[in-house]
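Just so you know, all these numbers are worked out from the coordinates, no wet-lab data involved. Remember, it's a predicted structure, so these values are computed and weren't measured experimentally. Glycine also receives a Cβ, built like all others from the backbone with ideal geometry; neighbour counts cover every protein chain displayed.
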Amino acid sequence: MNFFDTKFDENDIRSLVVKVNNIGDGLFNAQLSTNRILNVNLCTVDDDGLELTSIVESLQVLSRVESELINYGHLHKQNGHIRQLNPREIWSEICQRLGITYVLMNTNNSTNEILLQDDLHLPHFLPVICVIRLEKSCRIVYHAFPHKELLSTFALFPRHNFSPHSQVFNLLVYQLIQIYDAFASRSIYPILSPHVLHSDENLWLSMGLHLIFQKNCFTIRRKSEKSALKEQIQLDPSRLWELTDAWRNRAISNFEYLMKLNEFSGHVKGDPHRHPIFPWISDFKNETSLRPLNRTKYRLAKGDAQLNEQYSKQHPAHHVPEFLSDICYMVYRARIETKDGLCQVVRSQWVPEEYPSSMSRLYDWTPDECTPEFFEDPNIFISTHPDMSDLQLPEWTKTPAEFINWHKDLLESDEISGRLHEWIDLVFGYLLTGENAINALNVQLSIVQKPSARLRTHGAVQLFTSPHPKRMLTKPAKVSLLSHPNYNPAYCNFSSVQTIDTVAEDESFDLSGLLHKLYTKHILQIEGKNSNENRSVNIEEQVSLIWNLVEYEELNSLCNNQLKRVIPAIAKLFEGILPGSAKIFDRRFLLQLSIRFGSEIFFAHFLPPIIEAILSHSEMISSVAKESILWLARRYGPVVTATQITTSLLRLLALCYSQTSNLQPDYEEMSLDVTVSGDTLCEYILDCLVEIAVIYGPAFITMQYIPYCADLVDQAIRRLTSPLESAIISAMLLLKVSCDCLSDKQIMDHLQELIIDQVLFPAIRLLSSTNFTFSSERHRKLFTCKTIRSLHLLACRIGAENVQRYMFGVIQRLFCTFNLVYDLEESDHGGEPRVLIAENAPKQLISTFTPGFARLLIQIFSAVCGRQYITGSLPNATLISKLASGPSSTSFVNSMSPSLPISIGSPTNFLAGFNDNFVPFSSSPVLSSSPMLSSSMSGNRLTLFTVGAESPDLNQGILASSFDPTSNLTLNQKMRDVGLTHLAGTWIDRFRSALSSTSERISFDQIQLCTFTGHSSTVRKIITLDNENSFVSASQDKSVKLWSIKTIEESSSCQWTYKAHVKPIQDVCLLKFGGLIASTDSSVHIWDPFRGSALHQLDWPVGGSDSSIMCLATVNHNTLVATSNSENIMRLFDVRIGQWAHHMCAWTWTSAASIRAVAVSPDSTKFAVALTNGSTSVIDTRTGRILAYSVLHHSDAIQVDWLTNDLFACTHTDHPVVLWSVTPRLRIIRRLPEVASSVTVCTNDQYVTLQNSSNRLKLYEKEDCHNEIKLKSDFIAGSISALGYLKLNRMFLVGQEDLEPATGFQIFLIFIKTATREIDSTKILQIIF
């Protein structure tokens, strides 16, 4: 029976009302008065928010004009046209218009009135039997209908379900028009959304009356202007941007916002395939251990390597199958799900022990994201199965309710709030599609799958196409600066109404008019379409301006952030090099740049254009750039030179033959003196490399230059590319120059293993093998010429005997290559054999290994080793002799054909000149007097004669070339003349270690490089200058000393001593303003070490005689902060005005605590302060505002050191080192196990702790210790009192405590000042790495 067509009388309705009176929503079988069984579906609609819906708004209009659209905004203004209806009247009116039976109930749930209507079945409307009006709600009784998905679910996957250009989409539009027409014909005008429309698998729409009264249906009015933002969002959840804005402004919680995002993505609680997704926020290792939110849980569980492999092998290519699988969903709920359900989804057999037993094991096991139950439902931990234990909680929570509270509090914490947007980008945001998803290893299977016949109802949904905004951690308060008559404008230049956050993100400043004029007027004009004449004038003018800017120290008025903004402007000066811009490459200008910006920025931004300027077309610029490079090499020492300067020069050298124009002019004859335009470029760079080797000795050649050549050749053998072809050509020139610089002994020491085995033999193999094809014949021929030239020079240097012993394998490999190109064919009539081109000979080998090339090789190597040895040792001597005796290579090559025999004369014509008049090298009178070779060498000069002459003349050259193998031997003499600065002893070991290091981790090999003696008491602190060739030490002997690090000295004395202090030194710091030093012994002394003069001496402004200045720290280039042992005040001193400029309070004014230690963050924006009452505070350097504080930790703090801009370490006398994080709030993230006396920052994420009592060092990377060493007693006597680190050189400076006088300890004799055997109490500084 079709009950849709059944008529119901009043008795049926009353009977139905009685049956459903106490039944909840859902399907129900009701027996009517006529004993009929009726299947019905019940839905309840509450009155809350009913008046705000658009359907009710249309009912408020008394005078309706059906021919016009209703202007809601106009109706709001004309309240006289609107009559407010109560909920009872609203439902009565709706039922009357839609033809639905309306039942009004009394307060005792008895029937009051029944307004019976003829059932009017509208298209796409679920059939309603009646509407039952209760006191504060209505119950709608439908005929039973099958479950259907909401249209909003299908709309989430338009690519898979329907396209806007398809007929299916047109059908949807047509059905929507029918629905609106049905409403409009009854003067009802709702605003509908896909959340109120049902759809079947054929996308046939239907809707229920109850849905248009729910919150998903759009509202058009607000309650009142006083409504909170949170209430507005709840009333209008359809606007995602409002939700996001409310969450960002902390109007709704993280939990609420994540639930809303899940709702927008179609996630429904209880559906294993579409259950809401939440992030795992803790790994449950400890209470503060957080899970990284910038990577998916699947990526964290599987690792990047597996995801990349999966992406490359699986089809379609993807990284993540799904965020939450049905298996993980069921395992999460294993304690409350039925056994049948678990066996159906997880595993067929019931084994409760296989399910994770604790939260930590559950986190480690699952590759999927979390669910909201772990933030709101304690029952999920309690097992309903007798044979399965409860889910174990972390040790810091005792009950499920306590865990839920802790877990939800952690979700709402600033640590998670500050990073939650990163997880949203991965799960709901822009990292789901395109290149962003590939880079984040986040390509979802559901997104890249091809559409199928079935409609998709679950999968990843992208809600945001751009990075999600970050949640505001705290609502910034308005701050104002403290007024002071001498307030330093360099600290900050922003309005008092700006917030801290605004300053940090976009700090405004006013550059000097000079720099503004330079950048806006002159540089921008150059970038425009100016004539060459105007361009040159502008270049000269801008160079003059920037020179004056630096010369008059205008840059000193800028803070660190401002200096960084100047970098692009100054870097533009090096672009478009013209003759008028040579001044910017002068070392005086570069010195100022390196001082103002620091060496790291200098090397990163300014060194590359200086290196490139060597190849400038302007001889003046090239010359100035070369001089500056050599000056930089001397300034920064051998290690930095090798890692920064020569490395860049070698990279530039490899590019000299990369352009086709650099291989011109063309040549056909193979010769030792072939020159192309690229050779000129190489010479400029090689000159610099040689001069650097002259400064620091042959270690640069044998440990960097030649190994670099070997590495290039090895890479070319592995895979020959066009860039490598250019590189190996330049490498052969570098090898030749390197051998010129080495002495005979040095060559012999490295001949076999380095020069021959790693460079020459692989190079000969590369140029002679059929397995390698160069990009052009020109590249192969040029590489061959340069290789043979280097080989010939080396053979001449080492003599015939050593050539035969070490090099003949290389020579044989070279000559045997001709067998790959040519064949000897015996004559049929017994005549001379003929030479034919081999049938499969490569074209490049044919053009390279010509008869002329064979003649050249025979000439040069016979001249070195003798004709008899060459002809007797070559397995193909007959072929080589015939080739060398043939016509010129030009005519020969032009007539070559695989089918054309080659007629070559008798080899006696070529070899006749070697018979009687050949003078072997061992008996040459010229060589016997050569000072360049030891007595064991055969010689280094050629005996010259002509080929084919009846009477060879020793004064004529055998080679038709200007090549002179002795022309560059003066380089070795130059190396010997400047030998005092060469690396020796342990410095060579250090240099080798620096070049061979492949890890960024700091090593500590305990190699003593140099000793500095001079202090007579404990060294308190070591400060390294930025160039790292000098440092400052402060001691209890009341002196501060300036030292220079010299590679030529094993023991060094100080360059200058500041002796004006009257008490032991407490602290010292460096000011970049003019290279000044500030030190304190209770009073601050500011002095210039390079001029040897004191500039200022300051006492603490207020307080008694016991107010001593104990701590100093540099804020920026010209400002330092000082603290006293009697107050909690920090005072800032500006060296430009020469007085105290400002003061800041480190704690409350009423506190009696004083400051024990202070440190400035690397970006100069925050102070970290430790006080005597155990408190720790973080203060803004620009405003003095206390950003964060922690009360009563440890009162024995002795030092504070910033490790990064967000992390600092606090060391204590009797407690372990504590690591503090200031992001997103001040908190302890770890306590190191050791009690250390100091923490030394090495790199951005590496630092060293010192335990001076045991001379033990621990090297940390982030929070993990990767190395621990104890200094040997024979390495340093006594205890370590100070530690400094040279970041660019990767070396340590170690300061020592008092040595007790003793006798018999010979190890200390190197520190003795007098001739006695008594050990002086001289304090030692050792530079080690």
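Here are a few things to note about the model shown:
- Extending 7 Å from Cα along the Cβ direction at Gln1008 and again at Asn1173 yields two label points whose distance is 4.9 nm.
- Using C-alpha pairs under 8 Å with a sequence gap of at least 6, the mean separation divided by the residue count of the range 300-433 gives a relative contact order of 21 percent.
- Values of log10 I(q)/I(0), in the order q = 0.31, 0.33, 0.35 Å⁻¹, for the range 238-277 under a Debye, Cα-only, solvent-free model: -0.98, -1.05, -1.12
- Multiplying the residue separation of Thr465 and Glu376 by 0.36 nm and subtracting their alpha-carbon distance yields 29.0 nm.
- Evaluated over the range 286-382, the Cα radius of gyration and Dmax, each in Å: 15.2, 43
- Taken over the Cα atoms of the range 1076-1165, the convex hull encloses 101 Å³ per residue.
- Here is the tail figure for the range 1208-1301: Cα pairs spaced more than 19 Å apart come to 43 percent of all pairs.
- Label separation (Lys339 vs Asp181): 5.9 nm, computed from points 7 Å beyond Cα along the C-beta direction.
- Measuring between their Cα centroids, the range 593-644 and the range 654-689 lie 24 Å from each other.
- Peptides ranked, highest mean first, by Cβ atoms within 10 Å: ranges 186-193, 1178-1185: 1178-1185, 186-193
- Take 285-298, 588-601, 422-435 and order them by the average number of nearby Cβ atoms within 10 Å per residue, most first; the result is 422-435, 588-601, 285-298.
- Counting 0.36 nm for each residue step from Arg14 to Thr1213 and taking away their Cα separation leaves a gain of 423.0 nm.
- Gain on full extension, evaluated as 0.36 nm per residue between Asp749 and Ser1051 minus their Cα-Cα distance, stands at 105.8 nm.
- FRET efficiency estimate (nearest 0.05) - Cβ-Cβ, Ala604 to Asp1088, R0 30 angstrom: 0.55
- Peptides 1076-1087, 1129-1140 ranked from most to least packed, by the mean per-residue count of other Cβ atoms within 10 Å: 1076-1087, 1129-1140.
- Cα principal axis extents for the range 320-452, largest first, Å: 50, 41, 20
- Binning the alpha carbon pair distances of the range 708-858 at 5 angstrom intervals from zero yields the distribution 2, 9, 18, 21, 18, 14, 9, 5, 3, 2, 1, 0, expressed in whole percent.
- Over the range 643-737, Cα pairs under 8 Å with separation of 6+ residues give a relative contact order of 38 percent.
- For the listed residue pairs Lys260/Lys470; Lys285/Lys398; Lys19/Lys269; Lys1258/Lys1287; Lys736/Lys781; Lys786/Lys882, the alpha carbons are over 20 angstrom apart in Lys19/Lys269; Lys786/Lys882.
- Rough spin-label spacing in nm, given labels placed 7 Å along Cα→Cβ, for Glu309 and Asn294: 2.6
- Residues in the range 754-781 reached by a label modelled at Cys816 [backbone nitrogen below 19 Å; 7 Å Cα→Cβ]: 756-772
- Estimated FRET transfer efficiency when R0 is 45 angstrom, pair Trp631-Lys1270 (beta carbons, to 0.05): 0.65
- Convex hull of Cα atoms in the range 671-763, direction-averaged projection (nm²): 6.2
- When the Cα gyration tensor is reduced to axis lengths a ≥ b ≥ c, the ratio a/c is 1.5 or higher for the range 1134-1290, and with a/b above b/c it is classed as prolate.
- Amide N proximity, the range 189-209 versus Arg97 label position 7 Å along Cα-to-Cβ, cut-off under 19 Å: 189-193, 196-197, 207-209
- Scaled against the 2.2 N^0.38 Å expected of a compact globular protein of N residues, the Cα radius of gyration of the range 1006-1066 reads 1.13.
- Members of Lys626/Lys745; Lys1072/Lys1166; Lys626/Lys974 lying beyond 27 Å, as alpha-carbon distances in this model show: Lys626/Lys745
- Placing R0 at 30 angstrom, the Cβ-Cβ distance between Glu354 and Glu287 gives a FRET efficiency of 0.55 after rounding to 0.05.
- Backbone N atoms of the range 733-770 closer than 20 Å to the 7 Å Cα→Cβ label point of Ser658 belong to residues 733-735.
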